[in-house]
Amino acid sequence: MKHSKIDFKDVQGLVRYGYGRLPESCFLLLEIISPRAARDWLKTLDVADAEELSTPPDFALQVAFTHSGLRKIGLSSEIADQFSQEFKTGIYEESRSKRLGDVGENAPREWQWGGDSDNTPHLMLMLYSVKGGLEARKNATVDGLSSAGLALRGCLTSADFGGVEPFGFKDGISQPTVDWDGKRKLDGRDELEYGNLVALGEFLLGHRNEYGKYTDRPLLDLANDPRGILAEAEDKPGKKDFAFNGTYLVFRQLQQHVGRFWKFLDDQVGGDRSERQRLAELMVGRKMGGEALAVKSSSPIPGIDSDKRDANQFTFSSDPDGTRCPFGAHVRRANPRNADLPDGTRGLLSKLIRTLGFGGKGFRGDLISSVRFHRILRRGVEYGEPLPVNDAIKNGGNEIGERGLHFICLNANISRQFEFIQGAWLSSTKFDGMTEESDPIIGNREAVSECPFTNSFSIPQEAGLRRRISGIPAFITVRGGSYFFLPGIRALRYLSSLETD
Amino acid sequence: MTPQSYFMVIAPVDLSRESSLRELLASMNHREGVVNPNNDVIPFGRFERLHFARLVLLKDQTRGDLGVIGAPQAELPVYLAFLCDFDGPLDSFMSELAGQCEAGLRRLFSHCQGFSNGTHLARWMKQHNQRSATAYVNWIGRTMRQVREEDALRQSLESYIDGNQASLSRLAPTEARRELVSFVKREREAGRVVLTEPDATPLSWRVSNAIHLLGVPIVLLLLTPFLLLYLPIFVIQLRRRERSDAEIAPRPDPDHAANLARLEDHFVSNQFSAMGSLKPGLFRRWTLSFILWVIDYTTRYIFNRGHLARVNTIHFARWVFLDNKQRLLFASNYDGGLDSYMDDFINKVGWGLNLVFSNGIGYPKTNWLILDGAKDEQKFKYFIRRHELPTEVWYDAHPGLTTVNLERNTLIREGLERSSMSEGEARDWLRLF
Ligand code: HEM
């Protein structure tokens with residue numbers, strides 16, 4: 001298919017591909033010692049773009065910068081200051097931590113990396129390779145670092161779990177479909193149905209977002225781009241767009257306590273294997289094999305490919321009481337799959353009634369914000385040794401080694417997309433009319449001022465009264481993280497051509 | 001039913017004493033953003049009828065915008081504003097407050113111009129009480145006593161259900177409900193659960209409400225011919241302005257944003273205070289006065305049960321004109337973080353925000369008064385943040401409870417008190433837990 005809207009040669013490949021065919025990966029956290037040498041190195045770096053290749057590649061390299069990294073390599077403060085506040089102040093900023101749930105054991109001061117400005121890398125090199133190829137690539141890259149004016153501050157090695165996350169669930173099923181061709185209208189009108197085709201500008205800067213607007217980003221005068229490397233801003237003629245075809249990359253290293261997870265569930269059901277699995281599936285909101293819990297919709301959903309229909313063609317309209325997929329299940333919190341207005345007919349009167357707030361059924365009828373403004377592209381990879389369920393339980397929940405998710409997501413507006421999902425939906429103890437519980441999988445179970453507890457999970461039942469699990473421990477711990485910027489290919493060339501000290 | 005009332009005492013600050021005032025305000029907090037309910041200036045926690053209170057210095061950072069659009073900038077005072085939302089009549093609450101916190105209030109107001117040792121406190125407060133153009137109460141008639149009792153009721157029912165999950169789950173909905181009803185009966189008899197009958201609605205309130213309820217439509221009806229005649233002219237005037245009015249929505253200063261962020265997200269609910277100048281001229285002033293008058297009507301009679309149009313996260317809010325309608329103050333108590341609150345606003349009631357705030361200087365460009373404007377998401381968010389003021393002291397009498405929690409608790413209690421229910425009704429009621 002031809003995509004007229006976009007020059008894939010200017011986009012880093014990760015935006016388009018999850019690199020599932022390159023199952024070995026590692027992420028090098030680097031500090032820039034000599035900006036000059038680093039720029040020369042950047043010139044020679046073979047960064048994979050998003051163009052479709054006739055033969056699948058056996059290796060791909062991506063590069064992302066933190067705000068301090070962009071400054072260090074030579075980007076002027078005048079330009080760098082125009083990035084979003086979240087990116088500039090960093091993931092560890094105190095009030096942000098409260099919203100993200102990074103408190104208690106998850107507080108940035110406990111992190112292995114990224115918890116403050118000193119421990120934040122300047123840039124991250126992401127290496128993806130076919131089976132058996134990573135080691136050599138990595139060694140060659142690391143050997144070349146010192147002559148490139150770079151120092152290795154950390155190496156996060158991923159592991160191939162075969163498309164399953166460490167708790168054992170199939171992952172990577174639901175993603176927004178990026179509207180590469182600009183099919184969406186984006187005229188500011190309400191969308192009356194849930195759709196999975198999402199504006200390009202939600203995932204790449206310099207393009208129109210779901211509001212039909214261009215997300216704020218660094219624009220510069222022509223004089224600041226004497227060699228004419230950068231593209232002109234689509235919305236501001238006469239300005240160069242540094243961030244064009246770039247996006248923000250959120251990285252969080254999430255340790256998963258697989259032993260604790262399965263042991264806890266096992267204890268809840270008195271050792272019944274199928275009950276245990278059922279409970280885990282209710283918490284995630286999908287079966288372990290990936291099947292949806294909610295009923296498949298009869299009509300197709302725009303942006304859901306036909307090969308994904310079985311797993312993805314559903315909304316929660318068919319499950320208003322949460323008796324199939326609990327309101328608090330991870331996937332229901334992470335993507336409530338609603339439209340701009342509560343369900344109703346297309347008539348003008350019905351729209352008016354809903355616009356005035358009288359359209360929702362029951363107290364839960366109209367609580368959740370429109371989901372289309374809060375989508376992310378997930379690009380995470382697992383790390384550590386897999387721990388099979390039986391072993392996890394056998395050891396009484398104690399486990400050796402660390403395993404988890406290198407959670408990675410891409411979005412054009414960190415605060416409206418990643419932070420909103422993480423803060424207002426997953427971590428919130430008040431999501432969708434609930435109380436005393438946060439996300440069953442990633443919630444931190446920390447006390448919230450004046451709320452008695454936050455560690456329960458409600459499972460609505462057909463008969464009416466909920467079943468409620470209490471005393472749930474934290475199943476994940478945040479180990480590190482940072483907000484990065486994943487530049488377009490032209491912007492990388494621009495950075496490498498800067499001439500400052 | 002006991003209706004809610006509110007006041008906003010406002011007086012110009014003696015600017016030579018601003019820093020001492022700030023120290024005094026800070027002394028009322030445990031730490032920034034977290035009030036000490038037993039502080040010795042105004043021990044809010046002692047007042048059982050009080051829902052929310054705040055003290056905020058109305059120091060307008062955006063007055064300079066007048067200069068940007070080339071309008072004269074009259075020097076306007078910096079005010080100290082003291083806002084309370086509470087149950088029952090204003091007079092008795094204010095007297096109670098003035099009586100119990102006389103020393104503290106005197107210390108506070110001594111930082112204001114024209115307040116001296118000899119001033120009669122209660123009278124002065126009444127004189128300086130500024131009416132709102134629009135006031136919003138999430139649920140008219142829900143008292144603090146009710147909030148407390150219903151939350152205790154829910155908690156005791158939830159633990160009972162947790163403890164008897166297995167046996168309750170085997171019962172049909174009506175039987176399970178009966179079981180819960182008799183549990184509550186036992187708890188009430190033992191004095192562990194208290195559910196007080198609501199007081200009778202005051203006659204004077206009912207009368208004045210009825211007059212207002214009918215009066216406003218009658219006035220509107222009488223005005224209609226004139227409004228219709230004026231409408232084409234209004235549209236021309238509006239469109240001309242909408243084409244030329246300047247947008248002033250730069251990114252908020254990072255230090256300002258950081259100051260605000262420090263005061264936020266200590267609880268599940270938050271405060272919001274913001275002020276700005278109206279666009280100069282009678283057109284905007286009258287338009288806004290009319291709109292707020294109409295909204296005020298709807299908040300009294302239509303949006304008084306849990307939601308303001310589609311927004312269901314606001315506990316109490318008000319719009320107050322200042323300085324002879326040169327400026328507008330907006331103050332609200334809402335659930336969630338500010339960014340998500342703004343997102344909710346844009347997507348759910350963008351049109352309503354435009355109606356009101358597009359009459360303020362610098363607001364993102366609207367069309368036909370309700371279109372666009374807030375839908376310019378980032379400009380709107382910058383505009384809001386830039387006009388926001390740090391709320392120095394903020395008290396919330398039920399800091400762990402969102403509006404939805406309160407509604408759910410009320411529905412639980414109502415269902416409990418119903419004499420009978422069908423299986424379907426009982427099932428829906430049981431789903432509230
Ligand atoms: C270790 C932590 C996590 C685990 C084990 C986990 C697991 C899963 C699983 C098994 C799925 C279902 C598969 C799919 O729909 O593709 C899923 C979906 C999803 N998760 Fe997570 N997740 C984690 C953290 C997060 C975080 C931190 C976020 C975002 C802030 C997030 C956002 C999402 C989203 C948006 C979906 C797709 C929902 C949909 O579109 O239906 N997850 N996750």
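Do any residues of the stretch A:208-225 lose at least 20 Å² of accessible area when the full set of protein chains is present rather than just their chain alone, and if so which, with a 1.4 Å probe?
Relative to the lone chain, where solvent access is computed with a 1.4 Å probe, the stretch A:208-225 loses at least 20 Å² at A:Tyr211, A:Lys213, A:Asp216.
Evaluate the Debye formula for the stretch A:179-257 with equal point scatterers sitting on the alpha carbons, no solvent, and hand back log10 of I(q)/I(0) at q = 0.14 Å⁻¹, in q order, two decimals.
Per q value, in the given order, log10 I(q)/I(0) is -0.58.
Please go through the stretch B:243-349 and write out the trypsin sites (Lys or Arg not before Pro) that DSSP classes as loop and that have at most 10 other C-beta atoms within 10 Å. Don't skip to the end; give the middle numbers.
On the way: sites: B:Arg243, B:Arg262, B:Arg284, B:Arg285, B:Arg300, B:Arg305, B:Arg310, B:Arg318, B:Lys325, B:Arg327, B:Lys348; in loops: B:Arg310, B:Lys325.
Nothing satisfies the criteria.
Report which residues of the stretch A:439-468 become buried by 50 Å² or more of accessible surface when going from the isolated chain to the complete set of protein chains (1.4 Å probe; DNA, RNA and ligands ignored).
Residues of the stretch A:439-468 that lose at least 50 Å² of accessible area once the other chains are added: A:Ser449, A:Glu450, A:Ala463, A:Gly464, A:Leu465, A:Arg466, A:Arg468.
How large is the Kirkwood hydrodynamic radius of the stretch B:276-433, counting all unique pairs of alpha carbons, in Å? Walk me through the numbers before you get to the answer.
Values: mean 1/r = 0.0562 Å⁻¹.
Across the stretch B:276-433, the inverse of the average 1/r is 17.8 Å.
Cross-link candidates for A:Lys183: which lysines have Cα within less than 19 Å, leaving aside residues fewer than 8 places away along the same chain?
A:Lys2, A:Lys5, A:Lys213
Below 8 Å between Cα atoms, with a sequence gap of 6+, how large is the relative contact order for the stretch B:74-225 in percent? All intermediate terms of the calculation are to be shown ahead of the outcome.
Numbers: 34 pairs, mean separation 25.7, N = 152.
About 17 percent, as a whole number.
Dividing the Cα radius of gyration by the Kirkwood radius, what Rg/Rh value follows for the protein assembly as shown?
0.97
In Å and whole numbers, how far do the C-alpha atoms of the stretch B:343-433 stretch along each principal axis, longest first?
On the principal axes, the stretch B:343-433 reaches 56, 36, 19 Å in Cα extent.
Looking at the stretch B:155-265, what % of the alpha carbon pairs are farther apart than 17 Å?
Details: 4866 of 6105 pairs.
Counting every Cα pair in the stretch B:155-265, those more than 17 Å apart make up 80 percent.
Give me the log10 of I(q) over I(0) for the stretch B:84-201 at q = 0.11, 0.15, 0.16, 0.22 Å⁻¹, as the Debye formula computes it from C-alpha points; what are the numbers?
The Debye formula, applied to the Cα set alone, gives -0.63, -0.84, -0.89, -1.23.
Just to make sure I understand: if all protein chains stay in place, what is the order of B:Glu75, B:Glu197 by accessible area at 1.4 Å, largest first? Intermediate results must be reported in sequence, preceding the final value.
Numbers: B:Glu75 170, B:Glu197 125 Å².
From most exposed to least exposed: B:Glu75, B:Glu197.
With all protein chains present, how much of the accessible area of chain A (probe radius 1.4 Å) comes from carbon and sulfur, to the nearest whole percent? Before the final figure, lay out the partial values.
Working: 9500 of 19830 Å².
Accessible surface attributable to carbon and sulfur in chain A totals 48 percent.
If amide hydrogens are placed 1.01 Å from N in the peptide plane, which non-local residues have theirs closer than 5 Å to the one on A:Gly154?
Here the answer is A:Leu29, since their amide H atoms fall under 5 Å of that of A:Gly154.
Using Stokes-Einstein with the Kirkwood hydrodynamic radius over Cα pairs, what translational diffusion coefficient do you get for the stretch A:367-476 at 20 °C and a viscosity of 1.002 mPa s, in µm²/s rounded to a whole number?
D = 131 µm²/s.
If you split all Cα-Cα distances of the stretch A:354-399 into 5 Å bins from zero, what percentages do you get per bin, shortest first?
Using 5 Å bins, I get a P(r) of 5, 13, 12, 10, 8, 7, 8, 13, 12, 7, 5, 0 for the stretch A:354-399.
On alpha-carbon atoms, Rg over Rh for chain A using Kirkwood Rh?
Working: Rg = 22.9 Å, Rh = 23.8 Å.
Checking Rg against Rh, the ratio lands at 0.96.
Straight distance only, please: which aspartates and glutamates reach the Cα of B:Lys59 with their own Cα at less than 15 Å, same-chain residues fewer than 8 apart left out?
B:Asp14, B:Glu18, B:Glu75, B:Asp323, B:Glu388, B:Glu392
How big is the B/A interface in buried accessible area, both sides summed, 1.4 Å probe, to the nearest 100 Å²? Kindly include the intermediate steps, with their values, before the conclusion.
Details: alone 20360 and 22020 Å², together 37990 Å².
The B and A chains share an interface burying roughly 4400 Å².
Kirkwood Rh over alpha-carbon pairs of chain B, then Stokes-Einstein at 25 °C and 0.890 mPa s: what D in µm² s⁻¹, rounded to an integer?
Working: Rh = 23.8 Å.
For these conditions, the coefficient is 103 µm²/s.
Quick one: Cα centre-to-centre distance for the stretch B:181-236 and the stretch A:243-260, in angstrom?
Rounded to whole Å, the Cα centres lie 50 Å apart.
Within 11 Å, Cβ to Cβ, of B:Met8, how many net charges do the neighbouring residues add up to if Lys/Arg are +1 and Asp/Glu are -1?
Details: positive: B:Arg54, B:Arg131, B:Arg318; negative: B:Asp85.
Within the 11 Å Cβ shell, the charges total +2.
Which order do the peptides B:122-128, A:473-479, A:185-191, B:81-87 take when ranked by the mean count of other beta-carbon atoms within 10 Å per residue, highest first? Could the numbers behind the result be given before it?
Numbers: B:122-128: 16.4, A:473-479: 20.9, A:185-191: 12.3, B:81-87: 24.3.
Per-residue Cβ counts within 10 Å, averaged per peptide and sorted highest first, yield B:81-87, A:473-479, B:122-128, A:185-191.
Determine the relative contact order of the stretch A:216-331: mean sequence separation of Cα pairs under 8 Å and six or more apart, normalised by residue count, in whole percent. Display every interim value, and only then the final one.
Working: 109 pairs, mean separation 19.9, N = 116.
Reported relative contact order: 17 percent.
Over 32 Å between Cα atoms, which of A:Lys98/B:Lys375; A:Lys236/B:Lys381; A:Lys43/B:Lys365; A:Lys43/A:Lys170; A:Lys138/A:Lys263; B:Lys325/B:Lys375 qualify?
Details: A:Lys98/B:Lys375 28 Å; A:Lys236/B:Lys381 20 Å; A:Lys43/B:Lys365 43 Å; A:Lys43/A:Lys170 39 Å; A:Lys138/A:Lys263 37 Å; B:Lys325/B:Lys375 26 Å.
Long pairs (Cα-Cα over 32 Å): A:Lys43/B:Lys365; A:Lys43/A:Lys170; A:Lys138/A:Lys263.
Compute the normalised compactness of the stretch A:118-167: alpha-carbon radius of gyration over 2.2 N^0.38 Å, N being the residue count. Each step should come with its number before you reach the end.
On the way: Rg = 13.4 Å, N = 50, 2.2 N^0.38 = 9.7 Å.
Working it through for the stretch A:118-167, the quotient is 1.38.
Taking amide H atoms as placed 1.01 Å from N in the peptide plane, list the residues 5 or more away in sequence, or in a different chain, whose amide H sits under 5 Å from that of B:Thr366.
For B:Thr366, whose amide H was placed from the backbone, the distant partners under 5 Å are B:Gly373.
Heavy atoms only, probe 1.4 Å: what % of the accessible area of chain B goes to carbon and sulfur, would you let me know?
Details: 10440 of 18160 Å².
About 58 percent, which is the carbon plus sulfur part of the accessible surface.
For the stretch A:79-101 and the stretch A:270-343, compute the distance between their C-alpha centroids and round to whole Å.
After rounding, the separation between the Cα centres reads 32 Å.
How big is D for the stretch B:24-97, in µm² s⁻¹ as a whole number, if Stokes-Einstein is applied with the Kirkwood radius of its Cα pairs at 20 °C and 1.002 mPa s? Please list the in-between numbers first.
Working: Rh = 14.9 Å.
Calculated translational D: 143 µm²/s.
Tell me, how many Å apart are the Cα centres for the stretch B:1-47 and for the stretch B:374-398?
Value for the Cα centre distance between the two parts: 19 Å.
Express the accessible area of the protein assembly as shown per residue in Å², computed with a 1.4 Å probe while the remaining protein chains stay in the model.
Numbers: 37990 Å² over 934 residues.
The answer is 41 Å² per residue.
Just the ratio, please: alpha-carbon radius of gyration of the stretch A:1-155 over 2.2 N^0.38 Å, N its number of residues. Working shown, then result.
Details: Rg = 17.2 Å, N = 155, 2.2 N^0.38 = 15.0 Å.
Dividing the Cα radius of gyration by 2.2 N^0.38 Å gives 1.15.
Going Cα to Cα from A:Lys240, which aspartates and glutamates come in below 12 Å? Please leave out same-chain ones fewer than 8 positions away.
Qualifying aspartates and glutamates at Cα under 12 Å: A:Asp221, A:Asp225, A:Glu232.
With all pairs of different alpha carbon atoms counted, what Kirkwood hydrodynamic radius in Å does the stretch A:1-90 show?
Details: mean 1/r = 0.0647 Å⁻¹.
After inverting the mean inverse Cα-Cα distance, the result is 15.5 Å.
Taking the stretch B:141-209, which trypsin sites (Lys or Arg not before Pro) meet the DSSP loop condition and have no more than 14 other C-beta atoms within 10 Å?
Working: sites: B:Arg142, B:Arg145, B:Arg148, B:Arg154, B:Arg170, B:Arg177, B:Arg178, B:Lys185, B:Arg186, B:Arg188, B:Arg192, B:Arg206; in loops: B:Arg142, B:Arg170, B:Arg192.
Taking the stretch B:141-209 and a limit of 14 other Cβ atoms within 10 Å, the loop trypsin sites (Lys or Arg not before Pro) found are B:Arg170, B:Arg192.
The values are calculated or read from the model by the stated rules, or taken from the named source; none is laboratory data. Not measured: the values here are computed from a predicted model. As a convention, Cβ positions derive from the backbone with ideal geometry for all residues, glycine included, and neighbour counts pool all protein chains shown. SASA here: full protein model, heavy atoms, side chains in, ligands and nucleic acids out. Shrake-Rupley method; radii C 1.70, N 1.55, O 1.52, S 1.80 Å.
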